[in-house]
Amino acid sequence: MSSTLESITDELTSIIAKTLNAYHSVPGESIKIVALDFHPWNGFLALAILTESEVATDPLLDDLTEMAAWKHYDFGANLDDWDVNSILTEMKAIYDEIQDAQLLFQCCASAMASASVQQALSRYSLADGFRISVANPDDNVEYFT
């Protein structure tokens, strides 16, 4: 199982880095949060960006539970690089087998912490207090530290 999880982490890292490198809709805007919205029980994964200007306009958006209302929620869905269907099938199968999302959230957090994803993020303007989030939407446990 550990080699499968490593493979998933590596593939997810590549997909996230490529997607962040391909996205061009926030030039000049400072990013406050980059979040990975993951629901292994549904086979759903989305990347989301919250900008400082959004928070200035609506401070209530500075909350992960409001992520779906962010202007740049699931921005990868419109990009060819966000090809997550096969990896989500694998991840959902693992979840269905072990009924434990923690290992899969840890894969996601490791992917977000990877050098290639961090390098992709470095081309963006990051706000003071910028953070990355990989939180379980059911209990708000944060896996990215």
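The values are calculated or read from the model by the stated rules, or taken from the named source; none is laboratory data. Quick caveat, the model's predicted, so the values are computed rather than measured. FYI the Cβ positions are ideal-geometry reconstructions off the backbone, even for glycines, and counts take in every protein chain you see. When the accessible area is computed, the model is the full protein with side chains, heavy atoms only, and any ligands, DNA or RNA have been set aside. Shrake-Rupley method; radii C 1.70, N 1.55, O 1.52, S 1.80 Å.
Brief remarks follow.
- Each of 88, 27, 59 was scored by the projection of its Cα onto the charge dipole of the chain, and the greatest displacement toward the positive side belongs to 27; charges sit on the C-beta of Lys, Arg, Asp and Glu.
- Its Cα centre serving as origin, region 1-144 has a Cβ charge dipole (Lys and Arg +1, Asp and Glu -1) of approximately 400 debye.
- Residue-normalised accessible area of the chain, given per residue in Å² at a 1.4 Å probe: 49
- Once C-alpha pairs closer than 8 Å and six or more residues apart are averaged by separation and normalised to the residue number of region 6-94, the relative contact order reads 34 percent.
- C-alpha long axis of helix 85-98 to longest principal axis of the chain, angle in °: 60
- Spacing of the two label points (7 Å from each Cα toward its C-beta) at residue 93 and residue 26, in nm: 3.3
- Counting heavy atoms of the protein chains alone, residue 123 has an accessible area of about 110 Å² for a 1.4 Å probe.
- Carbon and sulfur %, accessible surface of the chain computed with the full protein complex present, 1.4 Å: 46
- Relative to the current alpha-carbon distance between residue 83 and residue 3, full extension at 0.36 nm per residue lengthens the span by 26.7 nm.
- Nearest 10 degrees, 0 to 90: helix 2-22 Cα axis against the chain principal axis: 30
- Degrees, to the nearest 10: 102-113 long Cα axis against longest axis of the chain: 50
- When the convex hull of its Cα atoms is projected in every direction, mean area for region 39-106 (nm²): 5.3
- Heavy atoms of residue 73 accessible to a 1.4 Å probe, total area in Å² rounded to 10: 60
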